[in-house]
1. Just checking: which of the strands (runs of 3 or more DSSP E) contained wholly in region 31-115 hold 1 or more residues that are surrounded by 14 or more Cβ atoms within 10 Å (Cβ to Cβ) and modelled with pLDDT of 90 or more?
2. Residue check, LEU155 against (1) within 11 Å of the ligand (Cβ to nearest atom); (2) surrounded by fewer than 21 Cβ atoms within 10 Å (Cβ to Cβ); (3) within 13 Å of the chain's Cα centre (by Cα), all met but one. Which one?
Amino acid sequence: MFLEPHFRGQRSGWIEVICGAMFSGKTEELIRRLKRAKIANQRVEIFKPKIDTRYDDAKVVSHDANYILSTPISHSSELLELSEGVNVVGIDEAQFFDMDLPDVCVRLALRGVRVIVAGLDMDFRGRPFGPMPNLLAVGEYITKVHAICKHCGNLATHSYRLTPSPDTVMLGEKDLYEPRCRTCYHMGNILDLHTSESEGPGHKAGNKKPA
Ligand SMILES: [Zn+2]
């Protein structure tokens with residue numbers, strides 16, 4: 001669990017990155033840290049890309065409906081103006097931001113802001129997603145959270161897309177994606193067919209090898 005660093009009471013800016021697959025609890029972890037900052041009387045602001053319209057325009061909403069009000073923005077440069085006088089800046093769904101986001105985060109950190117960024121590290125093809133790899137390179141503190149693989153119960157690092165659309169950005173819930181470990185991810189839709197015919201407790205599709 002991430003604990004806030006202390007520097008003998010000195011305020012100093014830094015970047016924290018929370019990354020992982022879908023359903024891994026990234027937003028929950030972001031909200032946990034922001035709530036703790038609020039308890040410590042820090043001025044907290046939360047931003048998310050305008051593209052993410054899944055639940056509500058003005059809220060960072062996680063899958064368990066534990067939310068904090070946020071400001072939707074269309075470009076990362078808006079963060080510099082909107083974060084005047086703010087101690088802690090939270091950014092959710094960072095993978096959907098433009099490639100200037102890492103630079104903007106560095107500038108905020110140099111101003112003394114604690115920046116907490118949460119985002120998908122890989123898209124559904126298993127490739128680094130948007131500005132996330134660059135954020136992981138420049139951040140001081142990196143936390144990779146994991147979901148649980150639906151098929152074998154191991155730690156899930158991949159977001160497997162259940163529909164055939166080739167678009168990289170496809171917002172969705174449990175019916176569009178499922179968390180999978182690396183092995184089950186690479187087994188592709190063989191596992192889909194398997195689960196539809198024999199679903200039940202104790203089912204271990206991950207042990208089956210593709211033909
Ligand atoms: Zn698995």
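The values are calculated or read from the model by the stated rules, or taken from the named source; none is laboratory data. The model shown is predicted, which means the values in this text are computed figures rather than measured ones. When we count neighbours, we look across all protein chains shown, and the Cβ atoms used for this are built from the backbone with ideal geometry, even at glycine.
1. Values: elements: 44-49, 59-61, 67-69, 71-73, 88-91.
Once the strands (runs of 3 or more DSSP E) in region 31-115 are filtered for at least 1 residues that are surrounded by 14 or more Cβ atoms within 10 Å (Cβ to Cβ) and modelled with pLDDT of 90 or more, what remains is 44-49, 71-73, 88-91.
2. (3)
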